[in-house]
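A.B. asks: Dropping a structure here in structure tokens format, bear with me for questions.
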Amino acid sequence: QVQLVESGGGLVQAGGSLRLSCAASGNIFRLNTMGWYRQAPGKQRELVATITSGGSANYADSVKGRFTISRDNAKNTVYLQMNSLKPEDTAVYLCAMGRSPGYWGQGTQVTVSS
């Protein structure tokens, strides 16, 4: 059983930065695509960024140029560096394992004030 634990969320002013982390248990992290998703109140969950086991990254258009996903396979951890944050980035951010994710974290709240 894989467990994913996110950290690093919080309250930040518009234009600020946050770095989210997601630590995975088990020994299959390095084999899997990892993703960051977000869900704002009253909205559907949306994909933010993914990174393959080989390190190839993809981003939603809304975050391109502002967010960077990375991974450290030695630490079983995936990161999301978020810069130039906007109020519309406010959401619960969740990490997930797999192209069609089979494992999800509980999420971490990110709130961007204007």
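A.B. asks: Kindly provide the set of residues from the stretch 81-114 that are within 19 Å of S25 (Cβ to Cβ) and aliphatic (A, V, I, L, M), ordered by number.
C.D. replies: L94, A96, M97
A.B. asks: From the list V110, V48, V92, exactly one residue is in contact with a helix residue (DSSP H, G or I) (Cβ under 8 Å, 6 or more places away or on another chain) and of a type in the set (V, I, T). Which is it?
C.D. replies: The unique qualifying residue is V110.
A.B. asks: Name the pairs: first residue in the stretch 1-22 and within 19 Å of I69 (Cβ to Cβ), second residue of a type in the set (A, V, I, L, M) and assigned to a loop (DSSP other than H, G, I, E, B), Cβ to Cβ under 7 Å, at least 6 apart or on different chains?
C.D. replies: Partner pairs satisfying both residue conditions: V2/I28; V12/L85; G16/L85; S17/L85; L18/L85.
Residues checked against (1) of a type in the set (A, V, I, L, M, F, W, C); (2) farther than 17 Å from N83 by Cα:
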{"residue": "V2", "(1), (2)": "yes, yes"}
{"residue": "G10", "(1), (2)": "no, no"}
{"residue": "S21", "(1), (2)": "no, no"}
{"residue": "G42", "(1), (2)": "no, yes"}
{"residue": "V48", "(1), (2)": "yes, no"}
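A.B. asks: Within the stretch 20-40, is even one residue open to solvent by 30 Å² or more (accessible area, probe 1.4 Å), in a loop (DSSP other than H, G, I, E, B), under 14 Å from D89 (Cβ atoms) and not hydrophobic (A, V, I, L, M, F, W, C)?
C.D. replies: Among the residues of the stretch 20-40, not one is open to solvent by 30 Å² or more (accessible area, probe 1.4 Å), in a loop (DSSP other than H, G, I, E, B), under 14 Å from D89 (Cβ atoms) and not hydrophobic (A, V, I, L, M, F, W, C), which makes the answer no.
A.B. asks: Taking the stretch 41-65, which residues are outside any loop (DSSP other than H, G, I, E, B) and open to solvent by 20 Å² or more (accessible area, probe 1.4 Å)?
C.D. replies: E46, L47, T50, A57, N58, Y59
A.B. asks: Right, next: Name every residue in the stretch 66-100 that is surrounded by 15 or more Cβ atoms within 10 Å (Cβ to Cβ), hydroxyl-bearing (S, T, Y) and in contact (Cβ under 8 Å) with a residue 60 or more places away in the chain, in order of residue number.
C.D. replies: If the condition is that a residue be surrounded by 15 or more Cβ atoms within 10 Å (Cβ to Cβ), hydroxyl-bearing (S, T, Y) and in contact (Cβ under 8 Å) with a residue 60 or more places away in the chain, then Y79, Y93 are the ones that fit.
The values are calculated or read from the model by the stated rules, or taken from the named source; none is laboratory data. Because the structure is a prediction, the values reported are computed rather than measured. Quick reminder, even Gly has a Cβ in these numbers, built from the backbone with ideal geometry, and neighbours come from all protein chains shown. Only protein heavy atoms, including side chains, enter the accessible area calculation; ligands, DNA and RNA are left aside. Shrake-Rupley method; radii C 1.70, N 1.55, O 1.52, S 1.80 Å.
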